[in-house]
Amino acid sequence: MSDPRELYQQVIIEHNKKPRNYGDLEGCTHQAHGLNPLCGDDIVLKVVVVDGIVQDIRFTGQGCAISKASSSLMTVNVKGKPVAEAELMVDQFRGMIRGTLDTAVDPNILGKLSLFQNVKNLPSRVKCAVLPWATLHSALHGEEIVSTE
Ligand code: ZN
């Protein structure tokens, strides 16, 4: 087993270098603009929902390595999933980062995203990791701008 901390670093570096689902998305049904003024992260998330399924999702914007990697991983994980499941992932991700989700007890659907647990120990980066999830939540709820402040 490799060290989870090392694996976390690798995933962040890899997704920051080659973010998945990065770019504009035409014909989106939902979108939101997410801001984290503390760090300067600024993302636009566009989503296509058809029959309650996240058919497509893309993001653009600027941000630090953690926010970009988190956005990339978030899009990979919610694409093709029912909106209800995406919402559950938003809740679980927030819970995991805030330390309210006990992954040993609660069955979690985050899989590889559990790597972000490391961020819990870096309070200044928590908002960077949560930003794409907060933005997804806003997009799905028709709120166009979200700020972590
Ligand atoms: Zn950041």
Lone qualifier among Ser67, Ser114 - being modelled with pLDDT of 95 or more, at negative phi and not basic (Lys, Arg): Ser67
Single condition Gly99 does not satisfy, out of (1) on the phi > 0 side of the Ramachandran plot; (2) in contact with an Asp or Glu (Cβ under 6 Å, 6 or more places away or on another chain): (2)
Given (1) assigned to a strand (DSSP E or B); (2) away from the ligand (no atom under 15 Å from the Cβ); (3) not hydrophobic (A, V, I, L, M, F, W, C), number of the condition Gly27 does not satisfy: (1)
Among the residues listed as Leu101, Leu131, the single one being open to solvent by less than 50 Å² (accessible area, probe 1.4 Å) and modelled with pLDDT under 85: Leu101
Residue selected from the range 106-147 under the condition part of a loop (DSSP other than H, G, I, E, B) and over 15 Å from Phe93 (Cα atoms), by the criterion farthest from the ligand (Cβ to nearest atom): Gly142
Tabulated pairs, the range 37-49, first over 11 Å from Gly61 (Cα atoms), second open to solvent by 60 Å² or more (accessible area, probe 1.4 Å) and near the ligand (Cβ under 10 Å from one of its atoms), C-beta under 9 angstrom, 6+ apart or interchain: Leu38/Ser124; Leu38/Lys127; Cys39/Ser124; Cys39/Arg125; Cys39/Lys127
Among residues of the range 60-91, those that are within 17 Å of Lys127 (Cα to Cα), within 16 Å of the ligand (Cβ to nearest atom) and either open to solvent by less than 50 Å² (accessible area, probe 1.4 Å) or in contact (Cβ under 8 Å) with a residue 40 or more places away in the chain (or both), counted: 13
Residue in the range 12-19 that is within 20 Å of Gln117 (Cβ to Cβ), crowded, with 16+ Cβ neighbours inside 10 Å, within 16 Å of the ligand (Cβ to nearest atom) and hydrophobic (A, V, I, L, M, F, W, C) present: yes
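The values are calculated or read from the model by the stated rules, or taken from the named source; none is laboratory data. Just so it is clear, the structure is predicted and the values come from calculations on it, not from any experiment. We place every Cβ from the backbone using ideal geometry, glycine too, and count neighbours over all the protein chains shown. Only protein heavy atoms, including side chains, enter the accessible area calculation; ligands, DNA and RNA are left aside. Shrake-Rupley method; radii C 1.70, N 1.55, O 1.52, S 1.80 Å.
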